[in-house]
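*Asks:* Just passing along the structure, written as structure tokens.
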Amino acid sequence: MVSKLYSMGLLGIEAFLVNVESDVSRGLPCFDIVGLPDASVKESRERVRSSLKNCGFEFPASRITVNLAPADIRKEGPLYDLPILVSLLRSSGQLPNQNFDFDSSVFVGELSLNGELNFVNGVLPMVLEAKRKNFSNIFIPSQNAEEGAIVQGINVFPVDNINSLIMHILGEKPILPQPKTLIIKQKEKYAPDFSDVKGQYEAKRALEIAAAGGHNVILIGPPGSGKSMLAKRILSILPDMTFEEIIETTKIYSVVGTLNGTYPLVTSRPFRSPHHTVSPAGLSGGGKIPHPGEISLAHNGVLFLDELPEFSRSAMEALRQPIEDGIVTIARARSTLTYPCSVVLIAAMNPCPCGYFNHPSKKCICSPKAVSKYLSKVSGPLLDRFDIHIEVPAISYENIASNEKSETSKQIKERINKSRELQNQRYKNSNVICNAQLSPEIMDKICVLTDEAKKILKNAFENMCLSARAYNRILKVARTIADLESKEKISSEHIAEAIQYRNLDRKYWFSEI
């Protein structure tokens, strides 16, 4: 007898429908799983066998064939244990056809040997896909229930063990659907505040603009000037995540398996700070079956690269296209997957190996060749992808000893939220979220300059030999500065401030050392 029911599979961060078919027929006892399963799927045979025996059911001493369709997509992970077991019970006649509607239900779950269900990765994208396919019910492990219940329009049933599921199917003891999950912001153990930073007003201003428009920033200065301290505080002024951003980010963390039971949703913007020994695959993603890298784990948040020249050249160059496109495509022999990676990229670096090149009081001990070699580790094309270049000078005694209260992150965030509200209204009918994502085709309509601003930009373009990318990025930054002041047109002051954030490459990289 052949039985059929439905499950879900994962391909990157997207789910796809899987038909689970089982056939119990005469012949020598064997248990085959076909449909391009990986090793963990093949091991389902032993988990299903033990679960049936320990839950009081009979394992058929017959020829058993389980097919996972479509057969041309590789199936991974233990999440097919539950649908295989239920399908096997039906095909062996141990689960009579009652009034239960299998055609509108999806089953996902890993089994322990005693029939209990274990936590699985990737539940959120699977529930979203089940809803998109117009299924009414999905049965998942109870540990994943809160994560799955964020999706409206589908019944999410938490399953503790096989016996409770069978009683539900038979109508003897129904399982109640999981109540819809409310979005509760995660409590942060410690939220670094901008008021902790003494001085560095220019750098704070630059990071405020970056947070308001989603711009990439590179900070350069001597050791101890506060580059890392500033970068780690940008998270406290970024606008709150929208519902769509929460879902996008949670999908990535769900697939990777880093969600916890206390907070089943990612409601705070990620901050990823990989060590400089990270590989190109660790940054952009990779593996036999490509998994998200650091840049995708920072999606809708911040990717911070401290000591930028210490990263390998190949790792840095691997970021160039993802930073520009907001997506990273990983091609392997078995599959090609695309992950989102819309991030605010912040990099920090010293101006030379000893850190004191161009320092006003400390003497640099590096030779001109050593300084040039150190700076050349950061290529021109990568440098061009930073919207804002800012120098973080050594802090003076007057600033560090001052008792003057600096602006708090809350005060700065209020201005940023107002700026983002303007951007949300402006881009509500497009795929653009913030000014940094402006495309060239709509830039002329959005970035309207006064006559004086046009003259200043023309002079800068000709005298500074700017690239087309740098020209566009100056316009985007100027648009953000105008938004912070709630101005409709970009004036000369806005364009002049945006231009000054493109000077450091001339000072360090293209100057005579």
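The values are calculated or read from the model by the stated rules, or taken from the named source; none is laboratory data. If you're wondering where the values come from, they're calculated on a predicted model, not measured in any experiment. Positions of Cβ are backbone-derived with ideal geometry, glycine not excepted, and every protein chain shown enters the neighbour counts. Calculation scope for accessible area: heavy atoms of the full protein, side chains included, ligands and nucleic acids excluded. Shrake-Rupley method; radii C 1.70, N 1.55, O 1.52, S 1.80 Å.
*Asks:* Which order do the peptides 235-245, 54-64 come out in when sorted by mean C-beta neighbours inside 10 angstrom, highest first?
*Replies:* Most protected by this proxy first, the peptides run 235-245, 54-64.
*Asks:* If R₀ is 45 angstrom, what is the calculated FRET efficiency for the pair Q425 and D38, using the beta carbon separation as r and rounding to 0.05?
*Replies:* The value I calculate is 0.40.
*Asks:* Right, next: Once phi is turned into θ = phi - 60°, what whole-Hz ³J(HN,Hα) does the Karplus curve with 6.51, -1.76 and 1.60 give for every residue of the range 361-372, x standing for Gly and Pro?
*Replies:* 10, 8, 7, 6, 9, 8, 6, x, 5, 5, 5, 4
*Asks:* A further question follows. Would you work out which of L85, N163, N118 lies farthest towards the positive end of the dipole of the chain, given +1 charges on the beta-carbon of Lys and Arg and -1 on that of Asp and Glu, about the Cα centre?
*Replies:* Ranked along the dipole, the leading option is N118.
*Asks:* Tell me which trypsin sites (Lys or Arg not before Pro) from the range 195-298 have a DSSP coil assignment and no more than 14 other beta carbons within 10 Å of their own.
*Replies:* Here the trypsin sites (Lys or Arg not before Pro) that fit, given the DSSP loop and packing criteria, are K288.
*Asks:* Here's another thing I want to ask about it. If you place +1 on the Cβ of every Lys and Arg and -1 on the Cβ of every Asp and Glu, how big does the dipole about the Cα centre of the range 416-513 come out, in debye to the nearest 20?
*Replies:* Magnitude of the dipole: close to 220 debye.
*Asks:* What's the FRET efficiency of F461 with D193 using the Cβ-Cβ distance as r and R₀ = 41 Å, to the nearest 0.05?
*Replies:* Efficiency at R0 = 41 Å is approximately 0.60.
*Asks:* Using +1 at the Cβ of each Lys and Arg and -1 at the Cβ of each Asp and Glu in the range 285-441, identify which of Q411, H389, V344 lies farthest towards the dipole's positive end.
*Replies:* V344
*Asks:* Run lengths n ≥ 4 of DSSP H only: what is the helix-derived mean residue ellipticity at 222 nm for the chain, with -39500 (n - 2.57) per run over all residues, to the nearest 500? Can you show the working numbers first?
*Replies:* Details: 21 runs with 182 residues, N = 513.
Helix-only estimate at 222 nm: -10000 deg cm²/dmol.
*Asks:* Please give the contour-minus-distance gain from D444 to S335: 0.36 nm per residue of separation, less the Cα-Cα distance, rounded to one decimal in nm.
*Replies:* 35.4 nm
*Asks:* Test of understanding: extend the Cα→C-beta vector of N134 to 7 Å, then name every residue of the range 101-128 with backbone N under 15 Å from that spot.
*Replies:* Counting backbone N atoms under 15 Å from the label point, the list is 103-105.
*Asks:* Still on this structure, I have one more. Quick check on packing: order 33-46, 66-79 by the mean number of other C-beta atoms within 10 Å, highest mean leading. Don't skip to the answer; put the middle values down first.
*Replies:* Working: 33-46: 16.6, 66-79: 18.1.
Going from most to least packed, we get 66-79, 33-46.
*Asks:* Between D72 and L113, what length comes free when the chain is fully extended (0.36 nm per residue of separation minus the Cα-Cα distance, one decimal in nm)? Mind dumping the intermediate values first?
*Replies:* Details: separation 41, 0.36 × 41 = 14.76 nm, distance 2.96 nm.
Full extension of this stretch gives 11.8 nm more.
*Asks:* Could you work out the relative contact order of the range 323-479, using alpha carbon pairs under 8 angstrom and six or more residues apart, expressed as a whole percent?
*Replies:* RCO, the range 323-479: 16 percent.
*Asks:* How about the range 398-506: which trypsin sites (Lys or Arg not before Pro) there lie in a loop by DSSP and see at most 15 other Cβ atoms within 10 Å?
*Replies:* Passing both the DSSP loop test and the Cβ count: K405, K428, K487, K489.
*Asks:* Assign one of three labels to the range 300-349, namely rounded, prolate or oblate, based on the Cα gyration tensor with a ≥ b ≥ c the square roots of its eigenvalues; rounded applies when a/c is under 1.5, prolate when it is not and a/b is larger than b/c, and oblate otherwise. Could the numbers behind the result be given before it?
*Replies:* Numbers: a/c = 2.99, a/b = 1.55, b/c = 1.93.
The shape class here is oblate.
*Asks:* Give me the percent of DSSP beta bridges within the chain that run antiparallel, rounded to the nearest 5.
*Replies:* 45 percent
*Asks:* When a/c is below 1.5 the answer is rounded, else prolate if a/b is larger than b/c, else oblate, so apply that to the range 203-360 with a ≥ b ≥ c taken from the square roots of the Cα gyration tensor eigenvalues.
*Replies:* Cα axes put the range 203-360 in the oblate bin.
*Asks:* Of the accessible area of the chain, with the probe set at 1.4 angstrom, what percent is carbon plus sulfur?
*Replies:* About 51 percent, which is the carbon plus sulfur part of the accessible surface.
*Asks:* A follow-up question, please. Let a ≥ b ≥ c be the square roots of the eigenvalues of the Cα gyration tensor of the range 268-315; is it rounded (a/c under 1.5), or, if not, prolate (a/b larger than b/c) or oblate?
*Replies:* Since a/c reaches 1.5 but b/c is at least a/b, the shape of the range 268-315 is classed as oblate.
*Asks:* Now for a separate question. So I have (i) 4, 17, 23, 20, 14, 11, 7, 3, 0; (ii) 3, 16, 24, 23, 19, 11, 3, 0, 0; (iii) 3, 13, 19, 18, 14, 11, 9, 6, 3, 2, 1, 0, 0, and one of them is P(r) over Cα pairs in 10 Å bins from 0, in percent calculated from this model. Which one is it?
*Replies:* Calculated P(r) over Cα pairs in 10 Å bins from 0, in percent: the matching label is (i).
*Asks:* On to the next question. Please compute the contact order of the chain in relative form: average sequence separation of alpha-carbon pairs under 8 Å and at least six residues apart, divided by the residue count, as a percent.
*Replies:* So the answer I get is 13 percent.
*Asks:* Further, regarding this structure: Any idea what angle helix 468-484 forms with the longest principal axis of the chain, computed on alpha-carbon atoms, 0 to 90 degrees, nearest 10?
*Replies:* 90 degrees
*Asks:* A further question follows. Leaving out ligands and nucleic acids, note down the accessible area per residue over the chain with a 1.4 angstrom probe, in whole Å².
*Replies:* So the chain comes to 46 Å² accessible per residue, rounded to a whole number.
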